[in-house]
Amino acid sequence: MKEPWRGISVVVDPVCGMNVDPKKTPYKTLYKGKIYYFCSQHCKRMFEENPELYLSRGPQIEM
Amino acid sequence: MKIKERYRIIGINCPSCILSINRSLKKLGYVIEFNSDPATGEAVIVYDGDKISTRDIVKAIRDAGYDVEKREILLMTNAGENTAVIEKALRTRTGVIECSVSPLTGVARIIINPYGISEHDIIKTLERLGFRTEKISREHIRRMEEEARRHEKRELYYRVISFLLGIFLVLYYGLSLVGVKLFLWNYHDIIGFIIASVVLILNKELIIRGLKSLFLGSPVMDSLIALSSTTTFVYSVIVMTGLISGGQTYFEASAGVLGFVSMGEYIESRLRARAGEALKKLMELQRGKVRVLRGEKFVEVDSSEVKVGDVVEVRAGGRILVDGVVVEGAGYVDESTFTGEPLPVKKSAERMDPVLAGTILREGYIRVRVTRVGEDTSLAHIIEYVRNAQMSKPEFQKLADRIVGVLTWLVIGLSIATFIYWVTIGGASVSVAVMFAASVLAITCPCPLGIAIPLVVAITVGKAARHGLLIRDSRVFEKMLMVNMFGFDKTGTLTHGEPVVEEVIPADGIDTKLFLEAICVLEKRSEHVLGQAIRRYCLEKGIEAKEPDNYEHLPGLGIIGSWNGLEIAIGSEKMIREFGVKIPKHIAEKINGYRSRGKTVVMVLLNHSFAGSIVIGDKIRPESKKVIEYIRGVIGAKTILITGDNRKTAEAVARELGIDIVRAELRPEDKAELIKQLISKGERIAYVGDGINDAIAITESFLGIAMGRGADIAKEAGEVIITNDKLTSLIDLHKLSKIARKKMIQNIIWAFIYNGTLIPVAMGALYSSFGIALRPEFAALAMMASDISVILNSLTILRSRI
């Protein structure tokens with residue numbers, strides 16, 4: 001994930017674990033110099049509220 | 001006095017709407033309590049009625065992006081000149097939102113909060129003030145306006161016919177002097193009588209107007225013309241019927257004066273801009289197709305079909321066609337046409353930010369719940385305001401009226417003295433005395449008086465056009481010289497109105513060339529307004545930027561990408577924080593210094609470390625300083641900066657330019673309010689602006705000036721438009737006005753010179769000794785000579801250099 005744009009066409013949403021196309025999604029944020037992409041506004045907001053939680057625990061599919 | 005007023009607020013449906021209205025009301029101060037039911041929109045507001053009124057409350061609610069239920073009352077009144085009495089009495093009344101009375105038609109348009117006051121109360125209030133009222137419909141007003149327009153058009157034809165008839169009669173009589181006796185010369189008295197009668201009838205309005213102000217004791221130019229043309233006519237008729245023997249007829253003098261005056265009026269009315277119709281076209285800004293939510297899906301409909309409460313979606317690059325609040329998404333909205341500020345403003349659903357019809361969504365995606373449509377939007381209100389104010393701009397005393405007004409008394413005095421002299425000391429018969437008295441009145445009103453000023457104005461307008469000035473009112477030159485205070489909008493007027501890179505500061509140890517190249521490469525893909533400024537800078541510096549290898553745009557933060565193995569990030573301080581990069585302390589201080597002067601500072605990171613910053617600001621136009629110096633030094637007027645921008649920036653600009661007074665952080669209506677206040681304090685203020693937010697202020701000012709690149713509505717509001725967009729044109733305008741005034745005075749003097757020499761003759765100075773009384777030949781000669789002098793003198797303006 002160091003340089004998410006380099007040669008990768010699909011990345012993983014760090015909150016819900018869905019595959020996201022970084023070229024298409026409008027939901028993205030910057031944290032500690034890295035760009036993270038999300039599938040929705042909801043996931044983006046969750047991540048921004050507590051990024052460390054999602055980065056340490058890894059993506060999880062919410063039930 | 002505590003006032004409790006009920007309202008119905010339109011457009012709210014959630015608790016957070018109420019919060020944002022509450023915020024807006026709090027800002028107003030003096031609101032003690034605000035309770036509202038989001039389901040029905042019913043609200044009860046308790047406020048201090050001594051400090052604020054319904055008008056202020058509604059304004060605050062509209063500022064938050066909502067509206068209140070209101071009712072329009074149209075009343076025909078007999079207000080006449082006393083429109084201000086009604087407006088003053090009603091505007092601060094509880095329950096009255098807006099009140100304006102047209103001095104032309106006497107129609108009062110009153111907008112009320114139906115829960116705060118009743119129509120009955122309004123009518124009662126007006127009756128107590130002593131006015132009669134009658135309810136009328138919109139249709140009725142439209143018909144009245146149409147009739148007024150038709151009347152105006154008819155008058156224009158009358159002017160042309162009067163001029164042609166007048167000039168014909170002058171030539172007909174004039175040529176007879178050099179022996180050319182045209183057709184039917186034997187009947188010239190009858191021809192003169194018929195033509196002069198027609199001209200008199202065509203100009204009956206002017207004659208009535210002139211005589212009226214004479215009887216009211218304040219004669220104007222029209223008074224002298226009316227007095228002279230009617231007495232000459234009546235005298236000639238009496239002579240023709242043989243009641244006075246030995247007299248002469250002067251029908252051509254009567255028709256000639258009115259003919260030339262008509263010519264002058266024709267020139268002036270052609271110069272005057274037709275307001276109203278052009279302004280109505282500005283409503284186009286909020287017409288078009290809108291994507292509105294119907295059931296589950298968005299469908300495209302015409303903006304006129306959208307109703308309050310509907311949800312519409314706006315995509316990046318789209319124009320917003322309704323007033324409303326953002327309920328979903330976020331984006332940057334270009335409000336420059338309203339505020340003049342070039343940087344788009346962030347609007348988000350979280351804060352329920354209001355958006356206005358006529359603005360453009362530059363980036364992002366928003367859904368807007370509609371709170372105002374059609375004639376209720378802010379844009380429509382501004383247009384309506386400008387239209388009304390333009391039609392009721394107060395008259396001011398013109399130069400010609402001041403000079404000629406005094407002359408009128410002199411002429412009347414001379415005439416009476418002549419009569420008294422001849423019946424007493426002179427020992428002549430009453431009929432001879434009447435003849436002399438009438439000849440004085442006839443001879444002292446010179447024919448070219450009517451064109452002495454309009455001709456100067458017309459020629460100066462032509463000359464002004466070559467200096468990039470569009471003059472839309474014949475009184476501009478006279479007003480310009482009476483101005484004692486110049487007000488300026490900041491953005492777009494004193495400054496360029498678009499962001500410009502002012503400085504590029506690489507950090508210590510960073511290669512300037514590489515730094516610049518990296519910036520230019522990454523910004524190549526940016527669509528942001530600041531990006532455009534940087535791209536223009538790169539172009540100026542001749543840097544040919546390559547495409548970045550990667551590019552990512554993070555709304556609200558900045559742009560990130562890579563090129564040639566170099567990772568580049570350009571963006572806000574927030575972005576730097578997200579990278580975990582610290583800005584060196586001495587640089588941070590420097591940046592704060594720039595910020596306090598209203599500059600935007602963008603940070604640059606190369607390979608994750610701080611590499612420098614770019615200072616972007618709205619640059620002051622290079623000529624601004626020169627113009628301010630001219631105003632203070634040569635004109636000797638005060639200067640005032642009137643802006644919506646923050647205080648620090650405004651003060652920095654004012655200090656740099658040497659502007660006397662600063663008024664910052666003003667909303668559009670505050671600007672207009674300030675100008676009204678200044679005018680009521682006796683300042684004659686000229687206001688120069690460019691945005692929609694300036695339109696009202698431009699209309700309210702003593703002399704309204706619009707920048708040529710400004711919003712259409714500002715231009716419609718201006719009496720002068722600086723078409724070349726150069727502020728130095730103001731200096732040219734002042735110089736031209738001085739030339740015009742000089743020529744106007746000269747022309748009036750020229751007009752009187754030849755006739756003046758005949759006054760002693762008319763009084764009968766040569767009668768006793770030589771038996772010479774005033775004869776038509778003398779009058780005709782003087783008329784021709786003064787006409788030619790005035791025309792030639794006016795033409796010299798073309799040769800004058802400024």
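The values are calculated or read from the model by the stated rules, or taken from the named source; none is laboratory data. Since this is a predicted model, take the numbers as computed values, not measurements. Neighbour counts run over all protein chains shown; Cβ positions are idealised from the backbone, glycine included.
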For this session: Sort through B:Thr92, B:Thr105 and tell me the only one that's of a type in the set (Val, Ile, Thr), modelled with pLDDT under 85, within 24 Å of the chain's Cα centre (by Cα) and on the phi < 0 side of the Ramachandran plot.
Result: B:Thr105
Exercise. Out of all the residues in the stretch A:1-17, is one or more within 14 Å of chain B (Cβ to nearest Cβ), over 9 Å from the mean Cα position of the chain (by Cα) and at pLDDT 80 or above?
Worked result: no
Exercise. Looking only at the stretch B:544-553, which residues are more than 11 Å from chain A (Cβ to nearest Cβ), farther than 23 Å from B:Val615 by Cβ and buried (at least 17 other Cβ atoms within 10 Å of the Cβ)?
Worked result: none
Exercise. B:Tyr115: farther than 30 Å from B:Ile9 by Cα, among the hydroxyl-bearing types (Ser, Thr, Tyr) and either modelled with pLDDT of 85 or more or not assigned by TED's automatic domain parsing to the domain that holds B:Glu42 (or both), yes or no?
Worked result: no
Exercise. Does any residue of the stretch A:37-57 turn out to be closer than 19 Å to B:Gly561 by Cβ and of a type in the set (A, V, I, L, M, F, W, C)?
Worked result: no
Problem set entry | Restricting the stretch B:570-580 to residues that are more than 13 Å from B:Val601 (Cα to Cα) and facing chain A (nearest Cβ under 8 Å), the residue that is surrounded by the most Cβ atoms within 10 Å (Cβ to Cβ) | B:Glu578
Seminar exercise, completed: Residue set B:Ile591, B:Ile620, B:Ile616; condition over 20 Å from B:Gly556 (Cα atoms), away from chain A (no Cβ under 14 Å) and either modelled with pLDDT under 90 or buried (at least 16 other Cβ atoms within 10 Å of the Cβ) (or both); output residue B:Ile620
Exercise. Given the conditions (1) closer than 13 Å to B:Gly116 by Cα; (2) in contact with a helix residue (DSSP H, G or I) (Cβ under 7 Å, 6 or more places away or on another chain); (3) among the small types (Gly, Ala, Ser), and given that B:Ser53 satisfies all but one, which numbered condition is not satisfied?
Worked result: (2)
For this session: Can you tell me which residue among B:Gly509, B:Gly556, B:Gly561 is part of a loop (DSSP other than H, G, I, E, B) and within 13 Å of chain A (Cβ to nearest Cβ)?
Result: B:Gly556
Problem set entry | Of the criteria (1) under 21 Å from B:Tyr266 (Cβ atoms); (2) at pLDDT below 85; (3) aliphatic (A, V, I, L, M), which one B:Val199 fails | (2)
Problem set entry | Pairs, first more than 14 Å from B:Trp409 (Cβ to Cβ) in the stretch B:202-231, second surrounded by fewer than 20 Cβ atoms within 10 Å (Cβ to Cβ) and basic (Lys, Arg), C-beta under 7 Å, six or more apart | B:Asp222/B:Arg209
Exercise. Mind checking which residues of the stretch B:632-656 are buried (at least 21 other Cβ atoms within 10 Å of the Cβ), in contact with a Ser or Thr (Cβ under 6 Å, 6 or more places away or on another chain) and part of a helix (DSSP H, G or I)?
Worked result: B:Ala650
Exercise. So which residues in the stretch B:353-368 are over 34 Å from the mean Cα position of the chain (by Cα) and crowded, with 23+ Cβ neighbours inside 10 Å, if there are any at all?
Worked result: B:Ile366
Seminar exercise, completed: Of the candidates B:Ile412, B:Ile420, B:Ile453, B:Ile510, the one satisfying the condition of being over 30 Å from B:Thr643 (Cβ atoms), out of contact with any helix residue (DSSP H, G or I) (no Cβ under 9 Å at 6 or more places or on another chain) and β-branched (Val, Ile, Thr) is B:Ile510
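Quick grid of which residues meet (1) buried (at least 19 other Cβ atoms within 10 Å of the Cβ); (2) in a helix (DSSP H, G or I):
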residue: B:Ile420; (1), (2): no, yes
residue: B:Ile425; (1), (2): no, no
residue: B:Val434; (1), (2): yes, yes
residue: B:Val440; (1), (2): yes, yes
residue: B:Ile451; (1), (2): yes, yes
residue: B:Val457; (1), (2): yes, yes
residue: B:Met482; (1), (2): no, no
Exercise. Taking the stated definitions as given, is B:Ile208 surrounded by fewer than 19 Cβ atoms within 10 Å (Cβ to Cβ) and either under 44 Å from the mean Cα position of the chain (by Cα) or part of a helix (DSSP H, G or I) (or both)?
Worked result: yes
Exercise. Does B:Thr125 satisfy the criteria of being of a type in the set (Val, Ile, Thr), free of Cβ contacts under 8 Å to residues at least 40 places away in the same chain, surrounded by fewer than 20 Cβ atoms within 10 Å (Cβ to Cβ) and not in a strand (DSSP E or B)?
Worked result: yes
Exercise. Of these, B:Leu605, B:Leu666, B:Leu657, which one is within 14 Å of chain A (Cβ to nearest Cβ) and more than 13 Å from B:Phe486 (Cα to Cα)?
Worked result: B:Leu605
Seminar exercise, completed: Flagged pairs (Cβ under 7 angstrom, 6 or more apart or on separate chains; first in the stretch B:700-729, on the phi > 0 side of the Ramachandran plot; second buried (at least 22 other Cβ atoms within 10 Å of the Cβ)) are B:Asp725/B:Met707
Seminar exercise, completed: Residue set A:Gly33, A:Gly58; condition modelled with pLDDT under 85 and crowded, with 16+ Cβ neighbours inside 10 Å; output residue A:Gly33
Problem set entry | Selection from the stretch A:11-57 of residues that are aliphatic (A, V, I, L, M) and more than 19 Å from B:Leu557 (Cα to Cα) | A:Val11, A:Val12, A:Val15, A:Met18, A:Val20, A:Leu53, A:Leu55
